[in-house]
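Chemist: One structure is given below, represented as structure tokens, and several questions about it will come after.
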């Protein structure tokens, strides 16, 4: 099992890396070359850089993930693509994407996009809080524990 992070703009990289350290799991951060970093990371963290482009990271993540892996992303479309491969997917707010809830999320995204295209304003995401960070960590740890057979 590997932990994958859809790295462009993810506010929970450090939390994911710390949990990976605790459970001795590899982390793969997939991100655009626009977000290239020289920051030092532990040896169990690798970066996969992709070309600029709206879906470049998504396509690479779909190609790299395998059943049993865990993906951290806020992208509903990407989540829907890897769920069918047996990948567990979690949002940065701690909500797990499942086959039971992904269609509703995609429909909401579609209707919001339709409203914006028609000139109406829709609410953007709320500011990321310390409570969001805590909820994410608790949810991700629960997923990891289940995947490694500790629950």
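Please treat every number below as a calculation from the coordinates, not as lab data. Model, not experiment: these values are computed from the prediction. Note: ideal-geometry Cβ built from the backbone for every residue, glycine included; neighbour counts use all protein chains shown.
Chemist: In percent, how large is the relative contact order of the stretch 59-105, given Cα pairs closer than 8 Å and 6 or more residues apart? Before the final figure, lay out the partial values.
Modeler: Values: 58 pairs, mean separation 16.2, N = 47.
In percent, rounded to a whole number, it is 35.
Chemist: Relative contact order, percent, of the chain when contacts are C-alpha pairs under 8 Å separated by at least 6 residues? It would help to have the intermediate numbers written out before the result.
Modeler: Values: 206 pairs, mean separation 31.6, N = 151.
With pairs under 8 Å counted, the relative contact order is 21 percent.
Chemist: Further, regarding this structure: Using Cβ contacts closer than 10 Å as the measure, can you line up 35, 91 from fewest to most? Can you show the working numbers first?
Modeler: Working: 35 15, 91 20.
By the 10 Å Cβ count, ascending, the order reads 35, 91.
Chemist: Still on this structure, please answer the following. At a Förster radius of 41 Å, what calculated FRET efficiency corresponds to the Cβ-Cβ distance of residue 41 and residue 101, to the nearest 0.05? Please report the intermediate quantities before stating the final value.
Modeler: Numbers: r = 32 Å, r/R0 = 0.78.
Taking R0 as 41 Å, the efficiency between residue 41 and residue 101 is 0.80.
Chemist: Using only alpha carbon positions, build the gyration tensor of the stretch 1-89, then give the equivalent ellipsoid semi-axes as the square roots of 5 times its eigenvalues, largest first, whole angstrom.
Modeler: Numbers: eigenvalues 68, 59, 21 Å².
So the equivalent ellipsoid measures 18, 17, 10 Å along its semi-axes.
Chemist: From zero outward in steps of 10 Å, how is the percent of C-alpha pairs of the stretch 10-50 spread across the bins?
Modeler: Percent of Cα pairs in each bin: 28, 58, 14, 0.
Chemist: Here's a follow-up. When the Debye formula is applied to the Cα atoms of the chain, each taken as the same point scatterer, what base-10 log of I(q)/I(0) results at q = 0.09, 0.12, 0.13, 0.21 Å⁻¹?
Modeler: -0.29, -0.51, -0.60, -1.49
Chemist: Going by how many other Cβ atoms sit within 10 Å of their own, how do 47, 4 line up, fewest first? Present the calculation step by step, with values, prior to reporting the outcome.
Modeler: Working: 47 16, 4 25.
So the residues, fewest neighbours to most, are 47, 4.
Chemist: Tell me the angle of helix 13-23 to the major Cα principal axis of the chain, expressed in degrees between 0 and 90 and rounded to the nearest ten.
Modeler: The angle comes out near 40 degrees.
Chemist: Which of 102, 17, 61 moves most in a GNM of the chain, Cα contacts under 10 Å?
Modeler: The residue that fluctuates most here is 102.
Chemist: Against the longest principal axis of the chain, how steep is helix 102-117, in degrees 0 to 90 to the nearest 10, with axes from Cα atoms?
Modeler: That helix lies at roughly 40 degrees to the long axis.
Chemist: Compare 98, 46, 129 in a GNM of the chain, Cα atoms joined below 10 Å, and give the one with the largest fluctuation.
Modeler: Fluctuation is largest for 129.
Chemist: DSSP beta bridges in the chain, what fraction antiparallel, as a percent rounded to 5? List each step's numbers first, then the result.
Modeler: Values: 2 of 18 bridges.
Just about 10 percent of them are antiparallel.
Chemist: When the Cα atoms of the stretch 71-122 are enclosed in a convex hull and the volume is divided per residue, what value in Å³ results?
Modeler: Working: hull volume 3.7 nm³, N = 52.
That works out to 72 Å³ per residue.
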